[in-house]
Amino acid sequence: MAFSNFFIAAGLLSLTLCIQYVLVYFQSEKKIDKQITRAFAGILIFRTVTLFIGGIFYQSRVGVGIAFAGIIISWIAPGFTGKYTKHHPIIFSHLLERLTALIIVMFGETIVGIADYFTAANFSIQSILIFTTVAALFFTYIVEFDHLINEHQHHETGNLMIYLHYFILFGLSLITVAMKFIDDAAAHPWFAVTCMYLGFALFYIGLAIANYYNKVKVNKTVVSIFIISTIAGFGISWFYSSFTPVVIIMTAVTLINAVTLTRFRIKYVD
């Protein structure tokens, strides 16, 4: 029943957005604006239909599969609208500001997720290290998107910037989940470690893609340090998978990467 409620609610939200695009279509006078709104309205009506199918046939694997397929396809489809949207470029700095605000909210969710480590009963040096890990990730994000990114992009659709943030969002979500499990005796340590470093990998991949927009492209040395530190941290954490070593290693990995990117920024960017 939960699936049904979710799919129906998401379908109604998608339908509302579709109606908005349809209204803009009839209000638009320029041909390119009509093409853009028609393309996005088509994507949204497709997603709406698949979500309603999932909501109605939620007890069937086929119905749920159609709904999830509709969600995934509707995420990917805007990436193929560049032939229209390139004629109506966005204000890049505004998009960057909104995406950054979304990520800040996600970091807030991560802080909430680690709150249990800061109770009177659980507070320890490991708690400080876990917070330091989150702070290092946030600092790395800010260095890239607030200092290295060139906000004055021209003739950009913004699709790449949006899609690279999927990596960052999913990465932060995995990190948040993993931090809840690394001290859980009932959970398998390898599961928490794998989720943690998969989250790190996705997060850093998002930052690597963002290099496309940088004022100065990040060099191979910085990229190599990120890759080596993350892989090494994952490997060591597998051998020493108890709580304290895992926390120390993940803190070291994120601090090394944060310092590396910061030094690059200080050296090469005014």
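The values are calculated or read from the model by the stated rules, or taken from the named source; none is laboratory data. None of the values given here were measured: they were computed from a predicted structure. FYI the Cβ positions are ideal-geometry reconstructions off the backbone, even for glycines, and counts take in every protein chain you see. Heads up: the accessible areas ignore ligands, DNA and RNA and are worked out on the full protein's heavy atoms, side chains in. Shrake-Rupley method; radii C 1.70, N 1.55, O 1.52, S 1.80 Å.
The table for this structure:
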{"read-out": "Accessible surface of the chain [probe 1.4 Å, protein heavy atoms]: carbon and sulfur percent", "value": "71"}
{"read-out": "Loop-resident sites, region 82-141, for trypsin sites (Lys or Arg not before Pro), counting at most 16 other Cβ within 10 Å (DSSP)", "value": "86"}
{"read-out": "Most to least accessible of 22, 253, 218 (protein chains only, probe 1.4 Å)", "value": "22, 218, 253"}
{"read-out": "Area accessible to solvent at residue 25, 1.4 Å probe radius, in Å²", "value": "60"}
{"read-out": "Solvent exposure of the chain as accessible area per residue, Å², 1.4 Å probe", "value": "55"}
{"read-out": "Calculated on alpha-carbon atoms, Rg and Dmax of region 77-151 in Å", "value": "18.0, 58"}
{"read-out": "Kirkwood Rh (inverse of mean 1/r, distinct Cα pairs), region 190-234, angstrom", "value": "11.3"}
{"read-out": "Cα gyration tensor, region 100-144 - rounded (a/c under 1.5), prolate or oblate", "value": "oblate"}
{"read-out": "Relative pair counts by distance (%), Cα atoms of region 162-260, 5 Å bins", "value": "2, 14, 23, 24, 18, 10, 6, 3, 1, 0"}
{"read-out": "Euclidean distance of C-alpha centroids, region 198-270 and region 6-57, integer Å", "value": "39"}
{"read-out": "Structure-derived semi-axes √(5λ) of the Cα gyration tensor in Å - corresponding label in (i) 28, 19, 18; (ii) 37, 27, 14; (iii) 40, 26, 14", "value": "(ii)"}
{"read-out": "Per-residue SASA entry for residue 102, accessible area with 1.4 Å probe, Å² rounded to 10", "value": "80"}
{"read-out": "Region 1-51: trypsin sites (Lys or Arg not before Pro) in DSSP loop, at most 14 other beta carbons within 10 Å", "value": "30"}
{"read-out": "Stokes-Einstein D for region 215-270, Kirkwood Rh over Cα pairs, 20 °C, 1.002 mPa s (µm²/s)", "value": "176"}
{"read-out": "Ratio of the Cα radius of gyration of region 135-180 to 2.2 N^0.38 Å, where N counts its residues", "value": "1.38"}
{"read-out": "Ratio of Rg to Rh over region 80-210 (Cα coordinates, Kirkwood Rh, two decimals)", "value": "1.07"}
{"read-out": "Intensity falloff of region 47-93 expressed as log10 I(q)/I(0), Debye formula with alpha-carbon point scatterers, at q = 0.15, 0.17, 0.32 Å⁻¹", "value": "-0.51, -0.57, -1.03"}
{"read-out": "Between helix 61-76 and the chain: long-axis angle, C-alpha atoms, 0 to 90°, nearest 10", "value": "90"}
{"read-out": "Ratio of the Cα radius of gyration of region 21-147 to 2.2 N^0.38 Å, where N counts its residues", "value": "1.54"}
{"read-out": "From the C-alpha gyration tensor of region 1-56, square roots of 5λ in Å", "value": "27, 9, 5"}
{"read-out": "Among 142, 256, 66, residue whose mean-square fluctuation peaks in a GNM of the chain (springs only between Cα atoms under 10 Å)", "value": "66"}
